[in-house]
Amino acid sequence: MTTPTAAKTPAAEPQRIHAVPVRYPGRWISAAVVVVLAAMAVNALVTNDTFAWPTVGKYLFSQPVVRGVGWTLFLTVTSMLIAIVLAVTLAIMRRSANPVMRYVSWVYIWFFRGTPIYTQLIFWGLASVLYPVITLGVPFGPELLSMDTNVVLNATRAAILGLALNEAAYLAEIVRAGLQSVDRGQFEAARALGMKEGRILWRVVLPQAMRVIVPPTGNETISMLKTTSLVLAVPFTLELQYATNAIGNRTFQPVPLLMVAAIWYLAITSVLMVGQYYVERYYGRGFEEHVPKKAARNSRRGRQAAINAAHTTPELGPIDDMGRPAGGGV
Amino acid sequence: MSAPTTSTAPMVEMTGVHKWFGHAHVLRGVDLVVPRGTVTVMLGPSGSGKSTALRCINQLEEIGAGSIRVEGELMGYREGARGGAPTLYRLHPRQIAVQRARVGMVFQRFNLFPHMTALGNVMEAPVQVLGKSKAEARERALQMLARVGLADRVDHYPAQLSGGQQQRVAIARALAMDPDIMLFDEPTSALDPELVGEVLGVMRDLAASGMTMVVVTHEIGFAREVADQVVFMADGVIVEHGPVSQVIDAPTEQRTQDFLAHVL
């Protein structure tokens, strides 16, 4: 009977509950199972000589492998940057009031998503065979400029172009989804302020869409990291997968060199995930779920203080008992 | 940019305005004059077309028939002649944006930009639309936020503000454009009851400062206190209009009487 006592002496510290916590034996059992499975996996990796861990160690930081890592990163970053710019353009075109823009964007996405990346890369590599000379001029008319395709579209550029153009088609759909996620009221508010459509897109809609666009784009970047191994179709032969394969074939030790490549891909992916976390945090600013816990507490406190400070309740007298419709007029 | 404007032209003049949404005929000939420096309160049941009428004034909705003039300037069209016959030419979206810049609007759901602070929200349009310098826009924005009583909340994001505070930021954002007229579309309908007063207080001050205002609301108390003209709409037409003493205190139309019996 502590409750009535506490009520009589409100100053007294309420007696805290000290109950026996619920036991969760399932957690301990699952932990034990996971530890055993992990030990088995490590054992299987370490004791099997086929993995040849000394060989892995020997090649992990060898010059061709590190150079391969560099090329893989270069291909990933460059093609993603080009793809992002192109994708935003395509997504905006898809929403354009101009039907020609909408149609062009649709056809682009249809084509580059609909054909295999490997085939596309082969064709970018074949470009210099199919069209040895690139000429700019009036169709069926005079020629203005002429270039040797081999020079303009060397293997590196063909690889980057092939990866970027393909990726842009996928990213365009992600950007489009992001743009669609922004509330219509945001357009209306910006329009009512007299902002022009381009400014509205750039200043109001796109920054909010980024919150939706960034997570799947991070996913696409990690996917691109590994898709770069397909550029041997161009053929481009300096990136990580090809470099490790070549060493593995030459030394008759394919397995340890596959491990070398896998370790590097995993390491780069980890770094990319950290980067994604910070990008997400930047574009999440102003959205409550991303506000640090302390600030969120302050905001609730501030809100209550604001309500109290407003002294608005007495003013409500005549309006207080009126049913206030949430919707209202059309 | 403007058509012949005279200082005697009313702030807003709607003449025979019709609006269709597909087959729905939501405005059926609305005639309304809002004199300069007055407050017009629009009342009416849900679906009566009062919000649509308001949104037509700043071209958020394109009208189907009739005309709307703000300070004598035709909204959304340019008057010309083709082959000797008077013809309307639709304005380019860029020109409509210019017309909208002098009509401020406050929405039921605030529609603040969530990725910008209160200060950023108020500075945005003066910088992007009027081409003011950041320093100038910032100073003006701080004044506007102080005017709505939020000088200590300028660096808060909308999600960190109460509904009433957000709506006051929205009012400051519209005022920062130095509008000739302010439109309010049910500005307190989305607020918790205890937050309604602070927003109405700001609007009362604004009315006292001589701002021309058109307010769609269900706050009869506010209308009684501030309105120079009350307009009662039902089924897409203005059923009754006049001073408070007439429309609210002594309505002659049955529909007005029924509506007021429900809300009072």
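Throughout, read-outs are computed from the coordinates displayed, never taken from laboratory work. Predicted model only: the values in this text are computed from it and were never measured. For neighbour counting, all protein chains shown are included, and Cβ atoms are generated from backbone atoms with ideal geometry for every residue, glycine included.
Summary table below
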{"quantity": "Ranked B:Lys19, A:Lys196, B:Lys134, A:Lys58, criterion: other C-beta atoms within 10 Å, fewest first", "calculated": "B:Lys134, A:Lys58, A:Lys196, B:Lys19"}
{"quantity": "Pair A:Thr119, A:Asn48: separation of 7 Å Cα→Cβ label points (nm)", "calculated": "3.6 nm"}
{"quantity": "Förster radius 22 Å - calculated FRET efficiency between B:Leu130 and B:His92 (Cβ-Cβ, nearest 0.05)", "calculated": "0.70"}
{"quantity": "Average beta carbon contacts from partner chains per residue of B:114-122, 10 Å cutoff", "calculated": "4"}
{"quantity": "Separation between Cα centres of segment B:104-159 and segment A:143-180, rounded to whole Å", "calculated": "41 Å"}
{"quantity": "Per DSSP, loop GluC sites (Glu not before Pro) in segment B:35-97 with at most 14 further Cβ within 10 Å", "calculated": "B:Glu62"}
{"quantity": "Segment B:181-259: equivalent-ellipsoid semi-axes (sqrt of 5 x gyration tensor eigenvalues, Cα, Å)", "calculated": "22, 15, 12"}
{"quantity": "Selection from B:Val34, B:Phe259, A:Leu45 lying farthest towards where the dipole of the protein assembly as shown points positive, charges on Cβ", "calculated": "A:Leu45"}
{"quantity": "Contour minus Cα-Cα distance for A:Gln63 and A:Ile29 (0.36 nm per residue)", "calculated": "7.6 nm"}
{"quantity": "Residues A:Leu81, B:Leu161 arranged by fewest to most Cβ contacts within 10 Å", "calculated": "A:Leu81, B:Leu161"}
{"quantity": "Prolate/oblate/rounded call for segment A:225-264, Cα gyration tensor, a/c under 1.5 rounded", "calculated": "oblate"}
{"quantity": "Cα gyration tensor shape for the protein assembly as shown, rounded if a/c is under 1.5, else prolate or oblate", "calculated": "oblate"}
{"quantity": "Inter-chain Cβ neighbour average for residues B:191-198, partner chain, 10 Å", "calculated": "6"}
{"quantity": "Fraction of beta bridges assigned by DSSP in the protein assembly as shown that are antiparallel (%, nearest 5)", "calculated": "65 percent"}
{"quantity": "Tensor-based shape of segment A:127-278 (alpha-carbon gyration tensor, a/c under 1.5 rounded, otherwise prolate or oblate)", "calculated": "oblate"}
{"quantity": "Dimensionless Rg over Rh [chain B; C-alpha; Kirkwood]", "calculated": "0.98"}
{"quantity": "Separation of the B:Asp205 and B:Ala65 label points, Cα + 7 Å toward Cβ, nm", "calculated": "4.5 nm"}
{"quantity": "Cβ-based charge dipole, the protein assembly as shown, positive-most Cα from A:Ser128, B:Val106, A:Leu201", "calculated": "A:Ser128"}
{"quantity": "Theoretical FRET efficiency, 1/(1+(r/R0)^6), r = Cβ-Cβ of A:Met147 and A:Ala41, R0 41 Å, to 0.05", "calculated": "0.15"}
{"quantity": "Residue-averaged 222 nm ellipticity for the protein assembly as shown, from DSSP H runs of 4+ at -39500 (n - 2.57), nearest 500", "calculated": "-17000 deg cm²/dmol"}
{"quantity": "Total charge dipole magnitude, the protein assembly as shown, about the Cα centre, Cβ charges on Lys, Arg, Asp, Glu only, Debye to nearest 20", "calculated": "1700 debye"}
{"quantity": "DSSP bridge pairs, chain B: antiparallel proportion in percent, nearest 5", "calculated": "60 percent"}
{"quantity": "Residue among B:Ala159, B:Ala190, B:Ala207 with the largest mean-square fluctuation in a Gaussian network model of chain B, springs linking Cα atoms under 10 Å", "calculated": "B:Ala159"}
{"quantity": "For residues of B:103-109, the mean tally of beta carbons on other chains within 10 Å", "calculated": "4"}
{"quantity": "Packing-based exposure ordering (other Cβ within 10 Å, fewest first) of A:Phe51, A:Phe111", "calculated": "A:Phe111, A:Phe51"}
{"quantity": "Dimensionless Rg/Rh of segment B:16-86 - Kirkwood Rh, Rg from C-alpha atoms", "calculated": "1.01"}
{"quantity": "Rounded FRET efficiency, nearest 0.05, which uses the C-beta distance separating A:Ser181 from B:Glu139 and R0 of 56 Å", "calculated": "0.95"}
{"quantity": "log₁₀ of I(q)/I(0) at q = 0.18, 0.26, 0.31 Å⁻¹ - segment B:127-178, Debye sum with one point per alpha carbon", "calculated": "-0.55, -1.02, -1.24"}
{"quantity": "Equivalent ellipsoid semi-axes, segment B:92-225, via Cα gyration tensor eigenvalues times 5, rooted, Å", "calculated": "22, 18, 13"}
